[in-house]
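Following: one structure in structure tokens, then a few remarks.
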Amino acid sequence: MSNYQAAKTVVRNYFEALEQATPDTVSGVLKAFTGDEYRWRGVYPFREQWGAETVAELFWA
């Protein structure tokens, strides 16, 4: 079980950072926890989006 503790910590930190984020800072949070080829899949009308800035602008802001 301890093999998953580091991954669980990353996920908890990610969700905590998202909860604390504002529309102005959410892009930075997404960039900190995702890679350059971040691909987000959402429901209609957002659908598939590429990149932290695009996702932040279209969905989170």
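The values are calculated or read from the model by the stated rules, or taken from the named source; none is laboratory data. Nothing here was measured: the structure is a model prediction, and the numbers come from that model. Every residue, glycine among them, receives a Cβ derived from its backbone with ideal geometry; neighbour counts consider all protein chains shown.
Quick notes on this structure:
- Taking segment 46-58 as the range and being touching a helix residue (DSSP H, G or I) at 6+ places or on another chain (Cβ under 9 Å) and either over 23 Å from residue 22 (Cβ atoms) or aromatic (Phe, Trp, Tyr) (or both) as the test, only 46 passes.
- Which numbered condition residue 18 fails, given (1) exposed (fewer than 11 other Cβ atoms within 10 Å of the Cβ); (2) assigned to a helix (DSSP H, G or I): (1)
- One residue alone among 10, 26 is in contact (Cβ under 8 Å) with a residue 24 or more places away in the chain and either of a type outside the set (Phe, Trp, Tyr) or surrounded by fewer than 10 Cβ atoms within 10 Å (Cβ to Cβ) (or both), and that residue is 26.
- Lone qualifier among 32, 7 - being in a helix (DSSP H, G or I) and either polar (S, T, N, Q) or modelled with pLDDT under 95 (or both): 7
- Within segment 47-59, residues that are free of Cβ contacts under 8 Å to residues at least 12 places away in the same chain reach partners that are surrounded by 14 or more Cβ atoms within 10 Å (Cβ to Cβ) and of a type in the set (A, V, I, L, M) with beta carbons closer than 7 Å, at six or more positions or on different chains, in the pairs 49/55; 49/58.
- Hits in segment 48-61 (condition: modelled with pLDDT of 95 or more and outside any helix (DSSP H, G or I)): 48, 49, 50, 51
- Selection within segment 35-47 - over 10 Å from the mean Cα position of the chain (by Cα) and either in a helix (DSSP H, G or I) or of a type in the set (Ser, Thr, Tyr) (or both): 44
- The set of residues from segment 29-53 being surrounded by 10 or more Cβ atoms within 10 Å (Cβ to Cβ), in contact with a Lys or Arg (Cβ under 7 Å, 6 or more places away or on another chain) and of a type outside the set (Gly, Ala, Ser) comprises just one member, 50.
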